[in-house]
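Comments concern the structure below.
The values are calculated or read from the model by the stated rules, or taken from the named source; none is laboratory data. Predicted model, so just to flag it, every value in this text is computed and none were measured. Note that we place each Cβ from the backbone using ideal geometry, even for glycine, and neighbour counts take in every protein chain shown.
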Amino acid sequence: MSIKLKAALAGVALSGLLMACTPAENTETAPAAPTETAGATPTAGGMGAEAMAGPQTPYTASEQQMHQAMMQAHGADPQETFALKMIEHHRGAIAMSEVLMQQNPDPELRQMAEKTMTMQRQEITELEQWVTKHRAGSAAPAPGAAQPTG
């Protein structure tokens, strides 16, 4: 697969991820300017956490933290940005699984949460390794580029 095709696919995947993790906006009922409520945690776009999260659940804090971290994750190019956002997304899955482990006695669901945590940690490691390799490759001079003489 060509590099251009890989870059295009990564861009499409990133767009889908961002759309899935961005709260929908109803233009008919949305206020003209974002408003903050007392005690609300500001999040991306100036929205209060309550407005973004909907009903409070045991997962609200981890969801908000994940969303905030994903919105702040930016790389040098679309591929690196995708990897950094996915790392935060996986960390959010781990945090939600940990909440379930603390609050749910169901053995089948606990087993799924344990599997999720194991898999997400492995994927975080793989993504972090990719980012390190990608950044090292970006720092290397392009073939044929003038080398500094000294």
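A few notes on this one:
- For segment 93-107, a residue qualifies if it is under 18 Å from the mean Cα position of the chain (by Cα) and either closer than 11 Å to Tyr59 by Cβ or not aliphatic (A, V, I, L, M) (or both), and the qualifying residues are Ala93, Ala95, Met96, Ser97, Glu98.
- Residue, farthest from Arg135 (Cα to Cα), within segment 70-92, restricted to residues that are part of a loop (DSSP other than H, G, I, E, B) and over 8 Å from the mean Cα position of the chain (by Cα): His74
- Within segment 81-92, residues that are modelled with pLDDT of 95 or more sit with their Cβ atoms under 6 Å from residues that are among the β-branched types (Val, Ile, Thr), at 6+ positions apart or across chains, in these pairs: Ala83/Val131; Ile87/Ile124; His90/Ile124.
- His134 vs. criteria in contact (Cβ under 8 Å) with a residue 40 or more places away in the chain and not hydrophobic (A, V, I, L, M, F, W, C): yes
- Between Ala113, Ala69, Ala53, the distinction of being among the small types (Gly, Ala, Ser), on the phi < 0 side of the Ramachandran plot, modelled with pLDDT of 95 or more and surrounded by 17 or more Cβ atoms within 10 Å (Cβ to Cβ) belongs to Ala113 only.
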